[in-house]
Amino acid sequence: MTANEYMQVTDSNLVHTYNRFPVTLDRGEGVYLYDTDGKKYLDFAAGIAVSGLGYGNEELNNALKGQIDKLMHSSNLYYNTTCGKAAGALKRISGMDRVFFTNSGTEAIEGALKAARKYAWKKKTGRYEYIAMKDSFHGRSMGALSVTEHEAYRTPFEPLIPGVSFAEFNNLDSVKRLVTDKTCAIILEPIQGEGGINMASREFMRGIQEICDKEGILLICDEIQCGMVRTGEMFACQAYGVRPDILVMAKAIGSGVPAGAFAMTKAVAEYSLEPGDHGTTYGGNPLVCAAVEKTIEIFEREDMKAHVREVGAYLSEQLNELVKTYDVVVERRGTGLIQGIRLSHPAGKVIQRALEEGLLIISARSDVIRLVPPLVIEKEHVDEMIDVMRRVLAYQSF
Ligand SMILES: *Cc1c(COP(=O)(O)O)cnc(C)c1O
């Protein structure tokens, strides 16, 4: 089949929920992707911050193939050989105490919201409200959407769940004003991904932790995008010296195998979800957990944190140069390998031109170019990306 035929068969058979780029990807190798015509693309999107190990990692692939041959699925009615070990690895890197596996980030958010409600219910506090942040993104199911502040995503689906209010990100006073004796949890992304790569300040994260501790409110950190070493720490909250009550993960934890999880402290687990409260047929299945376990093993052995810090610092320098050189590049945002540059106009044309030049980049909101490459990129790949960006930005005819 030709690329056009693949596009046609997709568009005519799927619900039209995506405006896709006109590219049909066929295979990946290292940090490069290839389309059906054999054209090569440098990948600075990683399938939206998922493919941390890039493509064709032999060790990961062999672990997956081995598990496929042994057992792919068994349900949560039985024990299996990978689930407990993967959960143990997540505990080790997150500092949390108990893990629940899901199939996606959105589902992990749903579970985290339920866990917080159950905690309040069991403690008989009468609390049920959530405080979320403006410009947040937590997913598109009814619960996750209820804590997502984005009008276009929300409006057609209202009424959403009641009891959610939105504070200004990085404004502690605005959070304090929304706290009531009914607040059960505060949910936030330490670095907002979809919202434009907005980093929480240290004072804000610390301040939120203080409010939560003082008022008996649970802190839920959504690290679906910014977690798993993107910041140079395993999880961004660790860089802030903050320990959430519930930590939500997905995207890079399974290296492309659909995996999500929420993890909680012992103190929460003791008063939260019990048998019958929550469940999933696939979540934590042998194949998915083999991927999670192997991903973490490789990250730790290869000291991915040090690697991301080094390449991330280099990326920052190079992006700062773009800010200095081009008027259209207003500022650099983020840290490590979750960075962005804000443009003075919508980013669509730049992204389209980059695609034509063989570079995959994505936007966050309309005017930020988001850079969330595979974590295994090297400085030479940063140089290659910057070369393309310079060519594209030099057109000036947006
Ligand atoms: C991607 C994302 C989600 C949703 O995860 P899915 O796996 O797409 O369901 C939630 N929160 C954040 C911060 C995300 O980046």
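Tabulated data for the structure shown
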{"read-out": "Mean-position separation - Cα centroids, segment 300-347 and segment 131-166, in angstrom", "value": "29 Å"}
{"read-out": "Cα long-axis angle, helix 202-215 against the chain (0 to 90 degrees, to the nearest 10)", "value": "20 degrees"}
{"read-out": "Neighbour-limited loop hits for GluC sites (Glu not before Pro), segment 317-398 (at most 14 other Cβ within 10 Å; DSSP other than H, G, I, E, B)", "value": "Glu357, Glu378"}
{"read-out": "Label point distance in nm, Lys349-Leu77, each placed 7 Å from Cα along Cα→Cβ", "value": "5.9 nm"}
{"read-out": "Percent of Cα pairs exceeding the 40 Å cut-off, where the set is the chain", "value": "14 percent"}
{"read-out": "HN-Hα J in Hz across segment 174-179 - Karplus 6.51, -1.76, 1.60, θ = phi - 60°, x for Gly and Pro", "value": "5, 5, 4, 5, 8, 5"}
{"read-out": "Potential lengthening between Asp327 and Arg301 on full extension [0.36 nm per residue; Cα-Cα distance subtracted]", "value": "5.2 nm"}
{"read-out": "Cleavage-rule hits (chymotrypsin sites (Phe, Trp or Tyr not before Pro)) in segment 1-63: DSSP loop, at most 12 neighbouring Cβ within 10 angstrom", "value": "Tyr18"}
{"read-out": "Under Karplus coefficients 6.51, -1.76 and 1.60, residue-wise ³J(HN,Hα) of segment 80-92 in Hz, glycine/proline x", "value": "9, 8, 10, 4, x, 5, 5, 5, x, 5, 5, 4, 4"}
{"read-out": "Full-extension gain in nm, Tyr128 to Arg20, via 0.36 nm per residue minus C-alpha separation", "value": "35.0 nm"}
{"read-out": "Ile48-His150 FRET efficiency (beta carbon distance; Förster radius 22 Å; 0.05 resolution)", "value": "0.85"}
{"read-out": "Relative contact order %, the chain, counting alpha carbon pairs below 8 Å whose residues are six or more apart", "value": "22 percent"}
{"read-out": "Cα centroid of segment 94-115 to Cα centroid of segment 15-64, whole Å", "value": "26 Å"}
{"read-out": "Estimated 222 nm signal from helices in the chain, with DSSP H stretches of n ≥ 4 weighted -39500 (n - 2.57), rounded to 500", "value": "-12000 deg cm²/dmol"}
{"read-out": "DSSP beta bridges in the chain [antiparallel fraction, %, rounded to 5]", "value": "65 percent"}
{"read-out": "Candidates Ala267, Ala347, Ala120: whichever shows maximal mean-square fluctuation once the chain is modelled as a Gaussian network with Cα springs under 10 Å", "value": "Ala267"}
{"read-out": "Residue-normalised accessible area of segment 224-383, expressed per residue, 1.4 Å probe, Å²", "value": "35 Å²"}
{"read-out": "Segment Leu160-Lys65, length gained on full extension (0.36 nm per residue, minus Cα span)", "value": "30.0 nm"}
{"read-out": "Around Cys221: net Lys/Arg minus Asp/Glu count, Cβ-Cβ under 10 Å", "value": "-3"}
{"read-out": "Pairwise label distance in nanometres, Glu203 with Asn171, each label 7 Å out on the Cα-Cβ vector", "value": "1.5 nm"}
{"read-out": "Reach of Lys134 by Cα under 18 Å, taken over aspartates and glutamates that are not fewer than 8 positions away in the same chain", "value": "Glu149, Glu151, Glu158, Glu168, Asp173, Glu189, Glu194, Glu203, Asp222, Glu223, Asp367"}
{"read-out": "Of Lys123/Lys251; Lys65/Lys114; Lys85/Lys305; Lys182/Lys251, those spanning more than 25 Å from alpha-carbon to alpha-carbon", "value": "Lys123/Lys251; Lys65/Lys114; Lys182/Lys251"}
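The values are calculated or read from the model by the stated rules, or taken from the named source; none is laboratory data. Keep in mind that this is a model prediction, so the values were computed, not measured. Don't worry about glycine lacking a Cβ; one is built from the backbone with ideal geometry, like all the others, and counts go over all protein chains shown. Ligands, DNA and RNA are stripped out before the accessible areas are found, and what is left, the full protein with its side chains, is counted by its heavy atoms. Shrake-Rupley method; radii C 1.70, N 1.55, O 1.52, S 1.80 Å.
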